[in-house]
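One structure is given here, and the rest of the page talks about it.
The values are calculated or read from the model by the stated rules, or taken from the named source; none is laboratory data. What you see is a predicted model, and the numbers here were worked out from it, not measured in a lab. Please note: Cβ atoms are built from the backbone with ideal geometry, for glycine as well, and neighbour counts cover all protein chains shown.
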Amino acid sequence: MKKLLSVLLTLSLVAGLATTAFAETSANGRSNALSKRDLAYCYLSEEALISARLAQENIVIIDEDDDVLAEYHTDGYVAEFSYDSENLSDDGRKVLRQIKDNNNVRVVLNGRIHKIYANDVLVETRNYAPLVAAPIDQFDQPGVVKSSTVYTDFYVYHSDGTKSKMNNILTNAQFLRNSNSASQAAIQTLFNNNNSPLKNNITVYKKNDSGALVSYGTVTPAKVIYDASVLYVVNPKLILLTLQKESSLVSAYHTTAGTPLTSRVFWFCMGAGYETSTTTTGFSNQIVEGTRILKYWYNDKNGTSTAFYYSHTGFRGYHGYNTSGYDTGIWCDNAATYSLYKYTPYTCVNNTNTKESGNVFVLRYKGATWLGTLSW
(Lines give C-alpha, C1' and ligand atoms only; values in the text may rest on other atoms or scores of the structure.)
Protein backbone atom coordinates (compact mmCIF):
# COMPACT_ATOMS: atom_id res chain seq x y z
CA MET A 1 0.00 0.00 0.00
CA LYS A 2 2.83 2.41 0.88
CA LYS A 3 4.46 1.67 -2.47
CA LEU A 4 1.25 2.40 -4.37
CA LEU A 5 0.69 5.63 -2.43
CA SER A 6 4.24 6.67 -3.25
CA VAL A 7 3.65 6.06 -6.96
CA LEU A 8 0.40 8.02 -6.92
CA LEU A 9 1.99 10.87 -4.99
CA THR A 10 4.84 11.05 -7.51
CA LEU A 11 2.37 11.18 -10.36
CA SER A 12 0.37 13.92 -8.67
CA LEU A 13 3.41 16.07 -7.89
CA VAL A 14 5.02 15.76 -11.32
CA ALA A 15 1.77 16.29 -13.21
CA GLY A 16 1.01 19.32 -11.05
CA LEU A 17 4.39 20.88 -11.74
CA ALA A 18 4.17 20.24 -15.47
CA THR A 19 2.50 23.32 -16.89
CA THR A 20 3.97 23.18 -20.35
CA ALA A 21 4.45 20.39 -22.89
CA PHE A 22 7.64 19.47 -24.66
CA ALA A 23 8.21 17.63 -27.94
CA GLU A 24 8.88 13.95 -28.29
CA THR A 25 9.73 11.89 -31.34
CA SER A 26 7.29 9.05 -31.87
CA ALA A 27 7.95 5.72 -33.55
CA ASN A 28 6.81 7.11 -36.88
CA GLY A 29 9.22 10.04 -36.70
CA ARG A 30 6.60 12.73 -36.05
CA SER A 31 7.02 15.27 -33.28
CA ASN A 32 4.14 15.27 -30.78
CA ALA A 33 3.32 17.32 -27.72
CA LEU A 34 3.40 15.39 -24.50
CA SER A 35 0.43 15.64 -22.17
CA LYS A 36 0.75 16.25 -18.44
CA ARG A 37 0.21 12.51 -17.97
CA ASP A 38 3.17 11.75 -20.26
CA LEU A 39 5.31 14.29 -18.44
CA ALA A 40 4.51 12.56 -15.18
CA TYR A 41 5.28 9.06 -16.41
CA CYS A 42 8.56 9.98 -18.06
CA TYR A 43 9.97 10.66 -14.60
CA LEU A 44 8.93 7.29 -13.20
CA SER A 45 11.00 4.17 -12.97
CA GLU A 46 9.97 1.14 -15.02
CA GLU A 47 8.58 -0.53 -11.91
CA ALA A 48 6.54 2.51 -10.94
CA LEU A 49 5.26 2.98 -14.48
CA ILE A 50 4.02 -0.61 -14.65
CA SER A 51 2.28 -0.26 -11.28
CA ALA A 52 0.57 2.93 -12.41
CA ARG A 53 -0.41 2.09 -15.98
CA LEU A 54 -0.64 -1.67 -16.58
CA ALA A 55 -4.33 -1.88 -15.73
CA GLN A 56 -5.11 0.56 -18.54
CA GLU A 57 -2.64 -0.27 -21.32
CA ASN A 58 -0.15 -2.81 -22.59
CA ILE A 59 3.39 -1.54 -22.06
CA VAL A 60 6.40 -2.02 -24.31
CA ILE A 61 9.81 -0.77 -23.14
CA ILE A 62 12.46 -0.01 -25.76
CA ASP A 63 16.01 1.29 -25.44
CA GLU A 64 17.71 4.20 -27.17
CA ASP A 65 18.42 2.02 -30.22
CA ASP A 66 14.69 1.17 -30.54
CA ASP A 67 15.35 -2.43 -29.48
CA VAL A 68 12.57 -3.84 -27.32
CA LEU A 69 13.59 -4.73 -23.78
CA ALA A 70 10.33 -5.99 -22.32
CA GLU A 71 6.60 -6.33 -22.88
CA TYR A 72 3.98 -6.16 -20.14
CA HIS A 73 0.48 -7.20 -21.21
CA THR A 74 -2.69 -6.31 -19.37
CA ASP A 75 -3.56 -10.01 -18.95
CA GLY A 76 -0.42 -10.52 -16.84
CA TYR A 77 1.85 -11.86 -19.58
CA VAL A 78 5.44 -10.61 -19.38
CA ALA A 79 8.30 -11.16 -21.83
CA GLU A 80 11.93 -10.09 -21.56
CA PHE A 81 14.32 -9.78 -24.51
CA SER A 82 18.04 -10.62 -24.39
CA TYR A 83 20.62 -9.43 -26.93
CA ASP A 84 24.13 -10.24 -28.06
CA SER A 85 25.91 -6.90 -27.97
CA GLU A 86 29.31 -8.40 -28.82
CA ASN A 87 28.51 -9.81 -32.27
CA LEU A 88 26.56 -7.14 -34.12
CA SER A 89 24.44 -7.55 -37.23
CA ASP A 90 25.61 -6.34 -40.64
CA ASP A 91 23.96 -2.96 -40.02
CA GLY A 92 25.62 -2.59 -36.61
CA ARG A 93 22.64 -3.53 -34.42
CA LYS A 94 22.55 -5.77 -31.38
CA VAL A 95 21.35 -9.28 -32.22
CA LEU A 96 18.28 -10.62 -30.42
CA ARG A 97 19.08 -14.04 -28.95
CA GLN A 98 16.27 -14.94 -26.59
CA ILE A 99 12.72 -14.06 -25.54
CA LYS A 100 11.69 -15.45 -22.18
CA ASP A 101 8.23 -15.11 -20.66
CA ASN A 102 6.64 -15.69 -17.27
CA ASN A 103 4.99 -18.93 -18.43
CA ASN A 104 8.33 -20.76 -18.63
CA VAL A 105 8.33 -20.44 -22.40
CA ARG A 106 11.39 -19.12 -24.16
CA VAL A 107 12.33 -18.64 -27.78
CA VAL A 108 16.01 -18.99 -28.69
CA LEU A 109 16.89 -17.24 -31.94
CA ASN A 110 19.73 -18.13 -34.25
CA GLY A 111 19.21 -16.08 -37.38
CA ARG A 112 15.79 -16.97 -38.77
CA ILE A 113 15.64 -20.26 -36.87
CA HIS A 114 13.48 -19.93 -33.76
CA LYS A 115 13.54 -22.77 -31.23
CA ILE A 116 10.63 -22.75 -28.79
CA TYR A 117 11.09 -24.30 -25.34
CA ALA A 118 8.46 -24.93 -22.68
CA ASN A 119 9.81 -25.71 -19.21
CA ASP A 120 13.23 -26.12 -20.88
CA VAL A 121 11.94 -28.82 -23.24
CA LEU A 122 12.19 -28.13 -26.98
CA VAL A 123 8.65 -28.26 -28.39
CA GLU A 124 9.00 -26.69 -31.82
CA THR A 125 11.54 -25.30 -34.27
CA ARG A 126 10.40 -22.67 -36.74
CA ASN A 127 12.24 -21.52 -39.83
CA TYR A 128 11.06 -18.08 -40.92
CA ALA A 129 13.30 -18.05 -44.00
CA PRO A 130 10.39 -18.53 -46.45
CA LEU A 131 8.75 -15.30 -45.32
CA VAL A 132 11.23 -12.69 -46.45
CA ALA A 133 9.77 -9.43 -47.64
CA ALA A 134 7.91 -9.76 -50.93
CA PRO A 135 8.45 -9.40 -53.83
CA ILE A 136 11.93 -10.84 -53.18
CA ASP A 137 11.31 -14.34 -51.88
CA GLN A 138 13.98 -17.02 -51.90
CA PHE A 139 11.25 -19.67 -51.78
CA ASP A 140 9.32 -18.30 -54.77
CA GLN A 141 8.51 -20.92 -57.38
CA PRO A 142 6.21 -20.54 -60.40
CA GLY A 143 2.74 -21.80 -59.50
CA VAL A 144 1.98 -23.41 -62.83
CA VAL A 145 0.38 -26.68 -63.84
CA LYS A 146 3.01 -29.29 -64.65
CA SER A 147 2.04 -31.60 -67.48
CA SER A 148 3.80 -34.50 -65.79
CA THR A 149 1.84 -34.08 -62.58
CA VAL A 150 -1.69 -35.34 -62.08
CA TYR A 151 -3.94 -33.52 -59.62
CA THR A 152 -3.94 -35.33 -56.28
CA ASP A 153 -6.01 -34.74 -53.16
CA PHE A 154 -3.69 -33.96 -50.27
CA TYR A 155 -4.83 -35.22 -46.87
CA VAL A 156 -3.44 -34.78 -43.37
CA TYR A 157 -4.44 -37.66 -41.11
CA HIS A 158 -5.11 -37.15 -37.40
CA SER A 159 -4.72 -39.53 -34.49
CA ASP A 160 -8.49 -39.50 -33.82
CA GLY A 161 -9.16 -41.08 -37.23
CA THR A 162 -10.25 -37.89 -39.00
CA LYS A 163 -8.47 -36.28 -41.94
CA SER A 164 -8.18 -32.80 -43.47
CA LYS A 165 -8.09 -32.08 -47.19
CA MET A 166 -5.46 -29.41 -47.71
CA ASN A 167 -5.91 -28.34 -51.36
CA ASN A 168 -8.55 -25.72 -50.61
CA ILE A 169 -8.10 -24.01 -47.24
CA LEU A 170 -10.05 -20.83 -48.01
CA THR A 171 -12.00 -19.68 -51.04
CA ASN A 172 -10.94 -16.51 -52.81
CA ALA A 173 -14.16 -14.87 -51.67
CA GLN A 174 -13.34 -15.68 -48.03
CA PHE A 175 -9.83 -14.30 -48.42
CA LEU A 176 -10.96 -10.84 -49.56
CA ARG A 177 -12.59 -8.07 -47.57
CA ASN A 178 -16.22 -7.47 -48.53
CA SER A 179 -19.20 -5.39 -47.45
CA ASN A 180 -19.97 -7.81 -44.60
CA SER A 181 -16.44 -7.90 -43.19
CA ALA A 182 -15.81 -6.86 -39.62
CA SER A 183 -15.71 -3.22 -38.61
CA GLN A 184 -13.24 -1.81 -36.11
CA ALA A 185 -15.98 -1.94 -33.48
CA ALA A 186 -16.65 -5.63 -34.20
CA ILE A 187 -12.95 -6.45 -33.87
CA GLN A 188 -12.85 -4.54 -30.59
CA THR A 189 -15.87 -6.49 -29.33
CA LEU A 190 -14.13 -9.75 -30.24
CA PHE A 191 -11.09 -8.76 -28.19
CA ASN A 192 -13.31 -7.75 -25.28
CA ASN A 193 -15.26 -11.03 -25.37
CA ASN A 194 -12.04 -13.07 -25.46
CA ASN A 195 -10.47 -10.94 -22.72
CA SER A 196 -7.53 -10.54 -25.06
CA PRO A 197 -4.76 -8.10 -24.12
CA LEU A 198 -5.49 -6.52 -27.51
CA LYS A 199 -8.66 -5.05 -26.04
CA ASN A 200 -6.34 -2.45 -24.53
CA ASN A 201 -4.08 0.03 -26.29
CA ILE A 202 -0.35 -0.65 -26.67
CA THR A 203 1.94 2.15 -25.55
CA VAL A 204 5.67 2.15 -26.21
CA TYR A 205 7.95 3.82 -23.69
CA LYS A 206 11.53 4.66 -24.54
CA LYS A 207 14.21 4.43 -21.87
CA ASN A 208 17.03 6.95 -22.10
CA ASP A 209 20.56 6.53 -20.76
CA SER A 210 19.51 7.80 -17.33
CA GLY A 211 16.68 5.27 -17.12
CA ALA A 212 13.86 7.76 -17.57
CA LEU A 213 10.87 6.58 -19.62
CA VAL A 214 9.18 8.72 -22.26
CA SER A 215 5.96 7.85 -24.09
CA TYR A 216 6.87 6.94 -27.68
CA GLY A 217 3.44 6.41 -29.19
CA THR A 218 0.20 4.51 -28.61
CA VAL A 219 -1.83 2.29 -30.96
CA THR A 220 -5.28 0.72 -30.77
CA PRO A 221 -4.97 -2.90 -32.00
CA ALA A 222 -8.51 -3.14 -33.42
CA LYS A 223 -7.90 -0.02 -35.50
CA VAL A 224 -4.54 -1.27 -36.78
CA ILE A 225 -6.13 -4.53 -37.97
CA TYR A 226 -9.15 -2.79 -39.48
CA ASP A 227 -6.99 -0.26 -41.34
CA ALA A 228 -4.73 -3.00 -42.76
CA SER A 229 -7.82 -4.93 -43.87
CA VAL A 230 -9.17 -1.91 -45.74
CA LEU A 231 -5.81 -0.95 -47.22
CA TYR A 232 -5.07 -4.40 -48.68
CA VAL A 233 -8.69 -5.59 -49.12
CA VAL A 234 -8.00 -8.68 -46.99
CA ASN A 235 -10.70 -10.12 -44.74
CA PRO A 236 -9.93 -9.07 -41.14
CA LYS A 237 -11.01 -12.54 -40.01
CA LEU A 238 -8.03 -13.98 -41.91
CA ILE A 239 -5.71 -11.43 -40.30
CA LEU A 240 -7.03 -12.40 -36.86
CA LEU A 241 -6.73 -16.11 -37.63
CA THR A 242 -3.13 -15.63 -38.77
CA LEU A 243 -2.38 -13.56 -35.68
CA GLN A 244 -3.72 -16.35 -33.47
CA LYS A 245 -1.77 -18.99 -35.39
CA GLU A 246 1.47 -17.08 -34.97
CA SER A 247 1.17 -15.66 -31.45
CA SER A 248 -2.06 -16.67 -29.61
CA LEU A 249 -2.91 -13.02 -28.97
CA VAL A 250 -6.55 -13.09 -30.08
CA SER A 251 -7.66 -15.71 -27.57
CA ALA A 252 -6.17 -17.59 -24.63
CA TYR A 253 -7.58 -20.79 -26.17
CA HIS A 254 -4.13 -21.90 -27.37
CA THR A 255 -1.96 -20.93 -24.40
CA THR A 256 -2.01 -24.20 -22.47
CA ALA A 257 1.29 -24.57 -20.62
CA GLY A 258 3.60 -26.98 -22.39
CA THR A 259 1.92 -26.70 -25.79
CA PRO A 260 2.48 -23.07 -26.80
CA LEU A 261 2.23 -21.90 -30.38
CA THR A 262 5.05 -19.45 -29.66
CA SER A 263 5.71 -16.71 -27.17
CA ARG A 264 2.87 -14.21 -27.20
CA VAL A 265 4.86 -11.08 -27.96
CA PHE A 266 3.72 -8.10 -30.01
CA TRP A 267 7.26 -7.79 -31.40
CA PHE A 268 6.93 -10.52 -34.07
CA CYS A 269 3.25 -11.38 -33.71
CA MET A 270 2.55 -12.19 -37.40
CA GLY A 271 5.89 -13.88 -38.11
CA ALA A 272 6.29 -11.51 -41.05
CA GLY A 273 9.26 -9.68 -42.52
CA TYR A 274 12.66 -9.45 -40.87
CA GLU A 275 12.91 -9.94 -37.12
CA THR A 276 16.07 -7.79 -37.10
CA SER A 277 14.36 -4.76 -38.63
CA THR A 278 12.64 -2.01 -36.65
CA THR A 279 10.48 -1.33 -39.74
CA THR A 280 8.85 -4.78 -39.67
CA THR A 281 8.81 -5.55 -35.92
CA GLY A 282 6.34 -4.22 -33.39
CA PHE A 283 2.58 -4.73 -33.41
CA SER A 284 1.55 -2.20 -36.08
CA ASN A 285 4.41 -3.06 -38.43
CA GLN A 286 3.71 -6.78 -38.06
CA ILE A 287 0.00 -6.47 -38.87
CA VAL A 288 0.66 -4.30 -41.92
CA GLU A 289 3.56 -6.41 -43.19
CA GLY A 290 1.76 -9.71 -42.65
CA THR A 291 -1.37 -8.48 -44.43
CA ARG A 292 0.67 -7.05 -47.28
CA ILE A 293 2.48 -10.34 -47.85
CA LEU A 294 -0.75 -12.33 -47.79
CA LYS A 295 -2.25 -10.04 -50.44
CA TYR A 296 0.92 -10.03 -52.53
CA TRP A 297 0.89 -13.80 -52.98
CA TYR A 298 -2.85 -13.82 -53.55
CA ASN A 299 -2.40 -11.33 -56.38
CA ASP A 300 0.43 -13.45 -57.75
CA LYS A 301 -2.00 -16.24 -58.67
CA ASN A 302 -5.38 -14.47 -58.76
CA GLY A 303 -7.09 -15.06 -62.09
CA THR A 304 -5.69 -18.55 -62.54
CA SER A 305 -8.68 -20.54 -63.78
CA THR A 306 -7.38 -24.02 -63.00
CA ALA A 307 -5.67 -25.66 -60.06
CA PHE A 308 -1.90 -25.32 -60.05
CA TYR A 309 0.96 -27.21 -58.49
CA TYR A 310 3.22 -25.42 -56.06
CA SER A 311 6.49 -27.06 -55.08
CA HIS A 312 9.77 -26.22 -53.46
CA THR A 313 12.38 -27.98 -51.37
CA GLY A 314 11.44 -25.68 -48.48
CA PHE A 315 7.81 -26.78 -48.46
CA ARG A 316 6.87 -29.31 -45.77
CA GLY A 317 3.82 -31.29 -46.82
CA TYR A 318 3.36 -33.55 -43.81
CA HIS A 319 0.56 -36.13 -44.06
CA GLY A 320 0.23 -36.67 -40.34
CA TYR A 321 -0.61 -39.66 -38.19
CA ASN A 322 0.89 -43.03 -39.12
CA THR A 323 2.96 -41.54 -41.98
CA SER A 324 6.61 -40.56 -42.30
CA GLY A 325 8.53 -37.88 -44.16
CA TYR A 326 6.86 -35.13 -46.15
CA ASP A 327 6.06 -34.00 -49.69
CA THR A 328 7.65 -30.91 -51.24
CA GLY A 329 4.65 -29.94 -53.36
CA ILE A 330 0.89 -29.57 -53.25
CA TRP A 331 -1.96 -28.78 -55.65
CA CYS A 332 -3.67 -25.49 -54.81
CA ASP A 333 -7.27 -25.01 -55.92
CA ASN A 334 -7.14 -21.23 -55.75
CA ALA A 335 -5.05 -18.12 -55.11
CA ALA A 336 -6.16 -17.90 -51.47
CA THR A 337 -4.78 -21.34 -50.64
CA TYR A 338 -1.57 -20.63 -52.55
CA SER A 339 -1.06 -17.42 -50.55
CA LEU A 340 -1.46 -19.29 -47.27
CA TYR A 341 1.19 -21.83 -48.27
CA LYS A 342 3.53 -19.06 -49.37
CA TYR A 343 3.04 -17.42 -45.98
CA THR A 344 3.40 -20.64 -43.98
CA PRO A 345 5.02 -23.42 -46.09
CA TYR A 346 3.75 -26.26 -43.92
CA THR A 347 0.62 -28.35 -43.84
CA CYS A 348 1.37 -28.92 -40.14
CA VAL A 349 4.52 -28.71 -38.07
CA ASN A 350 5.26 -32.45 -38.21
CA ASN A 351 3.50 -35.81 -38.54
CA THR A 352 2.64 -35.86 -34.83
CA ASN A 353 1.36 -32.35 -34.14
CA THR A 354 -1.30 -32.18 -36.85
CA LYS A 355 -3.97 -29.85 -35.51
CA GLU A 356 -2.39 -26.90 -33.73
CA SER A 357 0.03 -25.55 -36.30
CA GLY A 358 0.62 -24.67 -39.92
CA ASN A 359 -2.23 -24.44 -42.40
CA VAL A 360 -4.20 -27.22 -40.73
CA PHE A 361 -4.67 -24.65 -37.97
CA VAL A 362 -6.31 -22.23 -40.44
CA LEU A 363 -8.54 -24.95 -41.86
CA ARG A 364 -9.52 -26.24 -38.43
CA TYR A 365 -10.23 -22.95 -36.71
CA LYS A 366 -11.68 -20.77 -39.47
CA GLY A 367 -15.10 -21.32 -37.91
CA ALA A 368 -13.96 -21.35 -34.26
CA THR A 369 -16.13 -19.85 -31.56
CA TRP A 370 -13.28 -17.65 -30.33
CA LEU A 371 -13.50 -15.84 -33.70
CA GLY A 372 -17.03 -14.89 -32.79
CA THR A 373 -19.60 -14.16 -35.49
CA LEU A 374 -17.24 -12.28 -37.79
CA SER A 375 -18.16 -12.88 -41.40
CA TRP A 376 -16.10 -14.54 -44.10
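Of all residues in the stretch 306-320, none satisfies being closer than 28 Å to ASN193 by Cα and out of contact with any Ser or Thr (no Cβ under 7 Å at 6 or more places or on another chain).
A quick yes/no check of all residues on (1) out of contact with any Gly (no Cβ under 9 Å at 6 or more places or on another chain); (2) not aliphatic (A, V, I, L, M):
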| residue | (1), (2) |
| --- | --- |
| ILE293 | no, no |
| ASN302 | yes, yes |
| GLY317 | no, yes |
| ASN322 | yes, yes |
| ASP327 | no, yes |
| TYR343 | no, yes |
| VAL362 | yes, no |
| THR369 | yes, yes |
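Every condition in (1) touching an Asp or Glu at 6+ places or on another chain (Cβ under 8 Å); (2) surrounded by 16 or more Cβ atoms within 10 Å (Cβ to Cβ); (3) closer than 26 Å to LEU249 by Cα; (4) not hydrophobic (A, V, I, L, M, F, W, C) holds for ARG177 except the one numbered (1).
Rundown of residues vs (1) at pLDDT below 85; (2) part of a loop (DSSP other than H, G, I, E, B); (3) more than 26 Å from GLY273 (Cα to Cα), yes/no style:
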| residue | (1), (2), (3) |
| --- | --- |
| LEU109 | no, no, no |
| LYS115 | no, no, no |
| PRO130 | yes, no, no |
| ILE136 | yes, yes, no |
| THR149 | yes, yes, yes |
| VAL156 | no, no, yes |
| SER164 | no, no, yes |
| ALA173 | no, no, no |
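Scan ASN168, ASN208, ASN192 and give me the residue that is touching an Asp or Glu at 6+ places or on another chain (Cβ under 7 Å) and modelled with pLDDT of 95 or more. So that I can check it myself, show each step before the final result.
Values: ASN208 fails: modelled with pLDDT of 95 or more; ASN192 fails: touching an Asp or Glu at 6+ places or on another chain (Cβ under 7 Å).
Residue meeting the stated conditions: ASN168.
Name the residues in the stretch 309-332 that are assigned to a loop (DSSP other than H, G, I, E, B) and surrounded by 20 or more Cβ atoms within 10 Å (Cβ to Cβ), would you? The answer is PHE315, TYR318, HIS319. What residue, among those in the stretch 273-308 that are at pLDDT below 95, touching a strand residue (DSSP E or B) at 6+ places or on another chain (Cβ under 8 Å) and of a type outside the set (Gly, Ala, Ser), is surrounded by the most Cβ atoms within 10 Å (Cβ to Cβ)? Among them, the one singled out is THR281. Comparison of TRP376, TRP331 shows that the only residue that is at pLDDT 90 or above, within 19 Å of TYR157 (Cβ to Cβ) and more than 19 Å from the chain's Cα centre (by Cα) is TRP331.
In the stretch 334-368, what residues are more than 13 Å from LYS237 (Cβ to Cβ), surrounded by fewer than 20 Cβ atoms within 10 Å (Cβ to Cβ) and not basic (Lys, Arg)? Before you say what the answer is, go through the steps one by one.
So the first thing to find is which residues in the stretch 334-368 are more than 13 Å from LYS237 (Cβ to Cβ), and the list is 334-335, 337-361, 363-364.
Then keep just the ones that are surrounded by fewer than 20 Cβ atoms within 10 Å (Cβ to Cβ); that gives 350-353, 355-356, 364.
If the condition is that a residue be more than 13 Å from LYS237 (Cβ to Cβ), surrounded by fewer than 20 Cβ atoms within 10 Å (Cβ to Cβ) and not basic (Lys, Arg), then ASN350, ASN351, THR352, ASN353, GLU356 are the ones that fit.
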